[in-house]
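*Asks:* The structure follows.
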Amino acid sequence: MTNISRRSCLGAAAAALALSLPLAAQAQAPIVIKFSHVVAIDTPKGKAADMFAKKAAELTKGRVKVEVYANSTLYKDKEEMEALQLGAVQMLAPSLAKFGPLGVKEFEVFDLPFIFDNTAELHKVTQGPVGKLLLSKLEPKGIRGLAFWDNGFKSFSANKPLRAPADFRGVKMRIQSSKVLEAQMRALGSLPQVMAFSEVYQALQTGVVDGTENPISNLYTQKMHEVQKHLTLSEHGYLGYAVIVNKKFWDGLPADVHAQLEQAMKEATEHANKIAQAENEASLDAVRKSGKTTVYSPTPAERLEFKKATVKVHKEMESRIGKETLDAVYKETGFDPAKL
Ligand code: LMR
């Protein structure tokens, strides 16, 4: 080796040593994923988020730390979407009814009244190719969709019994930010009002709105049953989530961490979809036991009346959702609005 090449070798070694210190220090600092959501810890989504955090820590051996911020402690509905795009948080699981304002209107297909008869039909969509295609529509917004998590089917609540479409006339109903939900409430003759989830309890308590819709786990864990005298187990629509990450952040993760987080997400998704129904049933029991809310199960004839009153929303919203998406979902579920 010549003197010159020896010198350059030594120089390279010294440079590598200098670089290695900050790298070593960096390697010890965990990658932090801030995961913000708006519901209570004790809900299907809250439990699944915590499970993901636990699995991510286990599988990455502490290289990734998922910080879960529940109950809108960090951001409310609309703000959290903006925060994700700006990179202020890395992960969210907004309900599927909240993607319209982002410009991904296809997600509102999930809000259509009575589009899924049961969870098996729903899973054909969310766990199959249609679900995958829908998640891919988030990419141009700088968002990567990782999974769908269940909550469940919604019930109507108010301070008066809601047993037939006629009962909805003039009732102010809080909705999520979805044009399909707005059309559904109008089809029933009620007055829809978009509002962040964190504000619903107070709005119901003070009479800013009269009623709302949600799966029971959300109603109960936000104590809405304390300010709603009547609950109708209408199961007229579905509420679930898309787990999403900031794409730039996700794409920048090391390959091995990617694989470990994907595995953690797979396990959290299985968990979420397994516990959702039981969580809602437990909440329903708790609502009944509270004695504060009268729970009503509509007869099949009454449910049919709700179906007939709201089916026109499918056609009304076809151009907003996109005929292709609508037909793809109908094909999976067998729903045919013309049959009603
Ligand atoms: C709502 O805003 O009613 C729900 O979507 C909240 C949630 O995330 O379940």
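*Asks:* For Q193, which sequence-distant residues (separation of 5 or more, or a different chain) have an amide H within less than 5 Å of its own amide H, given hydrogens modelled in the peptide plane?
*Replies:* Placed amide hydrogens put M173, R174, I175 under 5 Å from Q193.
*Asks:* What does the helix-only formula give at 222 nm for the chain: each DSSP H stretch with n ≥ 4 adding -39500 (n - 2.57), the total divided by the residues, and the result rounded to the nearest 500 deg cm²/dmol?
*Replies:* Calculated at 222 nm, the ellipticity per residue is -14500 deg cm²/dmol.
*Asks:* Moving on. Considering the chain as a Gaussian network with a 10 Å cut-off on Cα pairs, which listed residue, L86, L135, L233, attains the greatest mean-square fluctuation?
*Replies:* Per the Cα network of the chain with a 10 Å cutoff, L86 tops the list.
*Asks:* Once phi is turned into θ = phi - 60°, what whole-Hz ³J(HN,Hα) does the Karplus curve with 6.51, -1.76 and 1.60 give for every residue of region 128-140, x standing for Gly and Pro?
*Replies:* Ordered by residue, 3J(HN,Hα) equals x, x, 5, x, 4, 5, 5, 4, 5, 6, 7, 4, x Hz.
*Asks:* Here's something else I'd like to know. Once both axes come from the Cα atoms, what is the angle between helix 255-290 and the longest principal axis of the chain, in degrees from 0 to 90, rounded to 10?
*Replies:* The helix 255-290 is inclined about 30 degrees to the chain.
*Asks:* What accessible area per residue, rounded to a whole number of Å², is obtained for the chain using a probe radius of 1.4 Å?
*Replies:* Accessible area per residue: 46 Å².
*Asks:* Further, regarding this structure: Share of region 17-339's accessible area from carbon and sulfur, percent, 1.4 Å?
*Replies:* 54
*Asks:* Which of the trypsin sites (Lys or Arg not before Pro) found in region 154-185 are in a DSSP loop and have at most 15 neighbouring Cβ atoms, other than their own, within 10 Å?
*Replies:* R169
*Asks:* Can you list the equivalent-ellipsoid semi-axes of the chain, largest first and in whole Å, using the square root of 5 times each Cα gyration tensor eigenvalue?
*Replies:* 45, 22, 17
The values are calculated or read from the model by the stated rules, or taken from the named source; none is laboratory data. Since this is a predicted model, take the numbers as computed values, not measurements. All Cβ positions, glycine included, derive from the backbone under ideal geometry; neighbour counts span all protein chains shown. Calculation scope for accessible area: heavy atoms of the full protein, side chains included, ligands and nucleic acids excluded. Shrake-Rupley method; radii C 1.70, N 1.55, O 1.52, S 1.80 Å.
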